[in-house]
Amino acid sequence: MPIHDFKSQRLFCNDSMEESGKRIWCTPLQINYLFNVLRLKNGNIILIFNGRDGEWYARLNQQDKRTCSLELISQNRPQTNGPDIQFLFAPLKRERLDYMVQKVTELGVAKIQPIYTKHTVANSINLKRIYDNVIKASQQCGILRIPEIRKPEKLLECLNSWDAERILIFSDENADVSSPIRVLEEVRRGKIAVLVGPEGGFSDYERNFLLDQLYVRRISLGPRIMRADTAAVAALALVNAVIGDWQNIS
C-alpha cells in the first residue's frame, strides 16, 4: 500500500484540525492557488495538513470568487514525527538556497538553522522565502511535520550554547576515515545535527574549533568536491540511511 495519496491535491493550512465538520476559511492566496493554479472546482475534495494534527480530507465550499472554506471530512493520516535531525547551513544565493531548503525538507529535518561563518558569501537571509519553500516542498512530497525555521546565528555563538548530547556531523574533505558509513555507524541514534559550511569552506579557526568539540563527528563525502546544496543532500541521505528513519522502512 502506498504511504501517501498521490492522486489528491494537497494544501497546508495553519488552522487547528480536531474533528470532522469543522470549516477552515481560505486566504486569498489559497483561493487563487486552488481555483486558478490547480483548476479545482467547488465540491472537490483535497488533502490538508498543518504540521500538528495529521492529514485530513476536506471539501471545497466556494461561496464566491473571494470566499471559500474547507470542510473537514475525515483524517487520512495521524500526525507522525520524523527523526530528530537539525540542519545548519551557511546561506547561499537565492536559487540554490531555494533548492537546498526544499530538499532538506523532503529529507525530513526537524529544524533549519542558518549560520554565518567567516567565508559566508550571502550575508543576508530571507526567512519568509525559506518558509515558503518549506511549505511548497511539504505540500508536494507528503510530509506531515513542518521543520522549524530558526533565526540566523554566527557559527561560534551557536556552538557556544550547543547541547553536548546532540551529535554534530559535518563534511570534511580531510576526514581521517574515508568511509562516512563507518563513522556514522559509531554514532548512537538520537539527537543529530548536520552542518554544511560555506562554498569557501570553514576558516582554520572555525574548523579547529569544531574538531575540538567532543560532540562533533566529521565525515568524508568522497573524492569529488560538491557544491553546498549537493553536499547537504548527500550528507542527509547518509545520515537517514545509517542512523535515521530509513531503517524503519519495511
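Separation of the stretch 224-245 and the stretch 52-128, taken as the distance between their Cα centroids, equals 19 angstrom. In the full protein context, the chain carries 54 Å² of accessible surface per residue, based on a 1.4 Å probe and ignoring ligands, DNA and RNA. For the stretch 214-235, the residues whose backbone nitrogen is under 13 Å from a point 7 Å from the Cα of residue 182, taken along Cα to Cβ, are 219-220. Between residue 119 and 203, the built amide H atoms are under 5 Å apart, and every one of these is 5 or more places off in sequence or on another chain.
Per residue, the average separation of C-alpha pairs within less than 8 Å and at least 6 apart gives the chain a relative contact order of 18 percent.
Our summary of shape: the Cα atoms of the stretch 21-156 have principal axis extents of 54, 30, 19 Å, ordered from largest down, in whole angstrom. Residues whose amide H falls under 5 Å from that of residue 76, counting only those 5 or more places apart or on a different chain, are 55, 56, 57, with hydrogens built in the peptide plane. Once both axes come from the Cα atoms, what is the angle between helix 94-106 and the longest principal axis of the chain, in degrees from 0 to 90, rounded to 10? Its long axis makes an angle of about 80 degrees.
A helix-only calculation puts the chain at -8000 deg cm²/dmol for mean residue ellipticity at 222 nm, using -39500 (n - 2.57) for each DSSP H run of at least four residues, averaged over all residues. A straight chain from residue 59 to residue 7 at 0.36 nm per residue would run longer than the Cα-Cα distance by 17.2 nm.
R0 = 41 Å: FRET efficiency of residue 153 with residue 74, Cβ-based, nearest 0.05?
Here the calculated transfer efficiency is 0.45.
Taking GluC sites (Glu not before Pro) across the stretch 180-250, the ones in a DSSP loop with at most 12 further Cβ atoms lying within 10 angstrom of their Cβ are 186.
Dividing the convex hull volume of the alpha carbon atoms of the chain by its residue count gives 141 Å³ per residue. Computed from backbone phi, the HN-Hα couplings of the stretch 182-196 come to 4, 5, 5, 5, 8, 8, 5, 5, x, 7, 10, 9, 10, 10, 10 Hz, rounded to whole numbers (Karplus: 6.51 cos²θ - 1.76 cosθ + 1.60, θ = phi - 60°; Gly and Pro given as x). Distances between placed amide hydrogens fall under 5 Å for residue 194 paired with 86, 87, 88, 169, all partners being 5 or more residues away or on another chain.
Across the stretch 203-211, computed HN-Hα scalar couplings (Karplus, 6.51 cos²θ - 1.76 cosθ + 1.60, θ = phi - 60°) run 5, 4, 5, 4, 5, 5, 4, 4, 5 Hz from first to last residue, x flagging Gly and Pro.
Using the per-residue mean of other Cβ atoms lying within 10 Å as a proxy for protection, in what order, highest first, do the peptides 129-140, 168-179, 105-116 fall?
Numbers: 129-140: 17.4, 168-179: 15.8, 105-116: 21.2.
Peptide ranking by packing, descending: 105-116, 129-140, 168-179.
3J(HN,Hα) along the stretch 236-241: 5, 5, 4, 4, 5, 6 Hz, from the Karplus curve 6.51 cos²θ - 1.76 cosθ + 1.60 with θ = phi - 60°, whole Hz, x for Gly and Pro.
So if I average 1/r over every pair of distinct C-alpha atoms in the stretch 1-79 and take the inverse, what Kirkwood radius in Å does that give?
On the way: mean 1/r = 0.0794 Å⁻¹.
Value: 12.6 Å, from the Cα pair sum.
In the chain, the DSSP beta bridges split such that about 40 percent are antiparallel, to the nearest 5. In the stretch 97-238, the convex hull through the Cα atoms has an average projected area of 8.4 nm², a quarter of its surface area.
The values are calculated or read from the model by the stated rules, or taken from the named source; none is laboratory data. Predicted model only: the values in this text are computed from it and were never measured. Cβ atoms come from the backbone with ideal geometry, glycine included; neighbour counts cover every protein chain shown. SASA here: full protein model, heavy atoms, side chains in, ligands and nucleic acids out. Shrake-Rupley method; radii C 1.70, N 1.55, O 1.52, S 1.80 Å.
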